[in-house]
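One structure is given here, and the rest of the page talks about it.
Only the coordinates and a few stated rules stand behind these numbers; no lab work does. What you see is a predicted model, and the numbers here were worked out from it, not measured in a lab. When we count neighbours, we look across all protein chains shown, and the Cβ atoms used for this are built from the backbone with ideal geometry, even at glycine.
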Amino acid sequence: MVALTIFLAALLLFITLFNQTIQTAVLYQRHRVIASKCTDLLDNILLNPGYPTYWGPSNVTPTNFGLQDPEFTQYRLSPFSLMRLKSLTGTPLYYPKTGLTYSNITMGFGNFLFVPYSEVVNYSTVSRLLGTNNTYDFQLNIAPIVTVSISEFKSSDPLIVTVSVTGKGFPLAGATLSYCFLTVDLQGGGAYPSYTTAYGSAYTDEKGTAFLQFPQITDDDTSYALIVYAYSSNLIGMNYHQRVTEDRQYAIPLIDDFGTRTVLIAHSYDVHYFGPPVAEISYNATFVLLTEDFTLREMPIENSTGKIGKVNYGEGKPYGTLTIPTENPGILIITYRKSANEGGIILMPWGLSTMAFEITFGADMFGKEWVATDIRQVTVSGMAYQAKLAVWSLEGYQVKG
Amino acid sequence: MMRTVEILLVIVIITGAFITASFFAVLPTPRQVSPMNLRRLALTTLQTLDVDHGLSQTVFEPANDTTWNDLKIALSACLPPNIVYNMTVYEVQTGATQLYNMTNSLSNAASLGVSTGASSYFVASSNVTFNFIPEKIGEHGGGGTLYILNCSDAYGWWITGYTAQKLAEDLYDLLSPYFQATIMVQNTTQLGTILNGTAISSSPYENIANAVVINTCGEAVPIPSGFYATQGTQDSYAKYCYILGQKTRQFNLTWASIVGYPLYYVSNAGLFPSDQNTWGIYGMRLVGPAGLNAFLEGLDNQPYVYNNNWITGSVAGSVYLSSESQYYCNYYGIYPSYYQSSSRALPTSILTTYHLNVPTYIFDPSGGYIAGAVYRNTASGALLALGLTRSPDIRLTALGLLAHYKPRLYRSDYNAVGTSRLVILQLGQMGGV
């Protein structure tokens, strides 16, 4: 009897031990499947343009999802398709005058990108198109490889700006900097603000740093914007920096329609009310393209299509409307003026890469148990980006979040 | 006692089995279970570095050139900090026993660790010339002659900024490699000769049947003096357009209109020295919308009925190249803007009225209108019409014809000695398990 009991106990123990080994192996196998799914899904997203092919610069919801630039092959992404992805990270913005909520891909004050929910492609649609709904969740992050940091070293007389260029793992020494410096003129140009531009180039030192000097800035009350492109061995990055003299009442560009390339110009108080007094804002818009030699070329916006205008807060005060003059990527520059010495400058990318914006799209992976990730180096309008995909399972034992 | 010994023996056997099974059932490390795809990362890194052919230039530089240092910095900068690399460049040799000869190598670590992945990438020197031999249209029978109207005695309209002769020259450069015979029609008399079914050159390949005729005069069409001017004078020369439609059907021609409203004017400087097209251009007569209607009637072998109704439409917004056209843009290396303005798009209703099929859409149809397509009559003859707003982009005409006839390209080998290099980027992952 004792022998039989010992035998049965031992048998049970060993069955449990074998079972654990098999279970762990099965689990590992499932994890490997998720990793394979991740790499397949990432290539699937990056290596096809979707359908319709040019769904990015249109209002159409794709019936097949992909982010590849239809004019190129390999890992080149469309700056417009990326712009139409619903941002996971930015706080959505509600604009009462249109009654619409906007996806927020803004990268800080003065560098806005708001796309209405009616124009963005949301995660549930994409998940359904990719066939991952109810089986996998994913999060896609597209971020620039080259980080260009700009800070003021000396605020005026002369203005000195420090530019640091780094990659994912190393500073970019000896990189060529090509910059555009825009000084806002609040007093010239009649009722509307204007700006003057200056171009230049420089090189980073062995630490990836350069100092740019602007003697034309003689006092701290001058608004300006600095757009810097850095490139070395085909790695291209950019950043911008601006200083404004009025940061409460300003103009906010909101994308209205991709198909007709219309942008609304809203008064900031309609979005964030800071209390009286309320002032009318006049603005002057310009669109610039990046040329092959990394200088900016102006594309004129006709007065009839909203180059200049005035906006105010409250009911009965309409927003402004302007039309982007081209279907090519570029930067919308809006100088605004509250008074003769208060104003500033606002930038908005037309095509995500033109201002090196980053986008995170998909589901929230906080607290998920096993997340497989994979990365690819991609280019968006010539700008070097890294695409990172995280995938986790929604079904199965010990593999779902 | 015996039973206890047996049980102990069984336990020893099962333990041995478990240990043996555990020894062989080695579970992979987490890195092996969920590996980063280093091969893809290496490939995309090389593609990123070569996006403007920067890598292609650097790998052909001497090993002591400063661009190698820039490449090393760029490699270190674009890879994540836990990834180390070894990039080796080989020269591709032909006719030697050793096919690959190493020319340079870059690395940022003594060892790449246990988990590595590598990708190879071929680059060609900028000195290499890529050649291709196109299949000739008509090579296997059925046409193969391209007539380009280069009439010195006819003027153009809606070809603003160009002359018909300049457009003809560009079209010749673009399309002559694809046709067995490309013939410039130098004057309206030669046009009349062709319409009579007589060859105008000594080329053995000239064949009027199944030929393509490109009218470079835009909205105007050259008209020969004599028979055609006499027979076609009815209804402000709408009848001439009808005869043109008949001839198109008779010889199974493909008549190409490069811009605007097709056959809206007739042009002959000698015939109309004191007439002008209502916009001050002498040597030209206004036909109006009746010209296109008459042409389509002739093409469909319908009796001539004067119809001066305007049938084209203006498409709101832009019109976009069809997916087929986009494919052939890449195939033939012709890249016009993929969106255009169209104010003279033909209505889809003509397809039923005149028994036309559309084998080739140059632009996607929009709102019941087709901005650019090849319309082929079910019996014989075709019209290529680009109802775009001036000025013309003759690349679109070339693209439309090539997309329609689809001549194949036979690409030549470019793997010459010293002109190709093989770049291998091997990546290793450091840290972690």
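Annotations
- With neighbour counts taken as other beta-carbon atoms within 10 Å, the residues A:S78, B:S325 rank, fewest first, as B:S325, A:S78.
- Relative to the globular-protein estimate of 2.2 N^0.38 Å, the Cα radius of gyration of the protein assembly as shown stands at 1.20.
- Rounded to the nearest 0.05, the FRET efficiency derived from the C-beta distance between B:S111 and A:E315 at R0 = 60 Å is 0.30.
- Given R0 = 56 Å, the distance between the Cβ atoms of B:A17 and A:L130 translates into a calculated FRET efficiency of 0.80.
- Average projected area [Cα convex hull, region B:150-294], square nanometres: 8.0
- Kirkwood Rh in Å, taken over region B:132-411 so that all alpha-carbon pairs contribute: 18.4
- Helix B:290-299 and the long axis of chain B differ in direction by around 70°, with both axes built from C-alpha atoms.
- With Cα atoms, 0 to 90° folded angle of helix A:2-46 axis to chain A main axis: 30
- Helix B:394-405 axis, angle to chain B major axis (alpha carbon atoms, nearest 10°): 80
- Tail weight of P(r) past 25 Å, computed on alpha-carbon pairs of region A:147-355, percent: 41
- Rg and Dmax [Cα atoms of region B:101-208; Å; Rg one decimal, Dmax integer]: 25.9, 80
- Using the Cβ-Cβ distance between B:T198 and B:I133 with R0 set to 41 Å, the FRET efficiency from 1/(1 + (r/R0)^6) comes to roughly 0.80.
- Of A:K207/B:K72; B:K247/B:K406; B:K166/B:K239, those spanning more than 20 Å from alpha-carbon to alpha-carbon: B:K247/B:K406; B:K166/B:K239
- Cα Rg, Dmax, chain A, angstrom units: 25.7, 107
- Potential extension, B:S126-B:Y306 segment - 0.36 nm per residue separation minus Cα distance: 58.9 nm
- Between B:Y331 and B:A209, the modelled labels are 2.7 nm apart [label points 7 Å from Cα along Cα→Cβ].
- Size of electric dipole in chain B: Cβ of Lys, Arg +1 and of Asp, Glu -1, about Cα centre, debye, nearest 20: 700
- Cross-linked pairs A:K86/A:K310; A:K307/A:K338; A:K168/A:K388; A:K317/A:K338: Cα-Cα separations exceed 20 Å for A:K86/A:K310.
- Computed label-point distance, nm, for sites B:L9 and A:S151 using a 7 Å Cα→Cβ extension: 7.9
- In chain A, helices alone account for a calculated mean residue ellipticity at 222 nm of -5000 deg cm²/dmol, with every DSSP H run of four or more residues adding -39,500 (n - 2.57).
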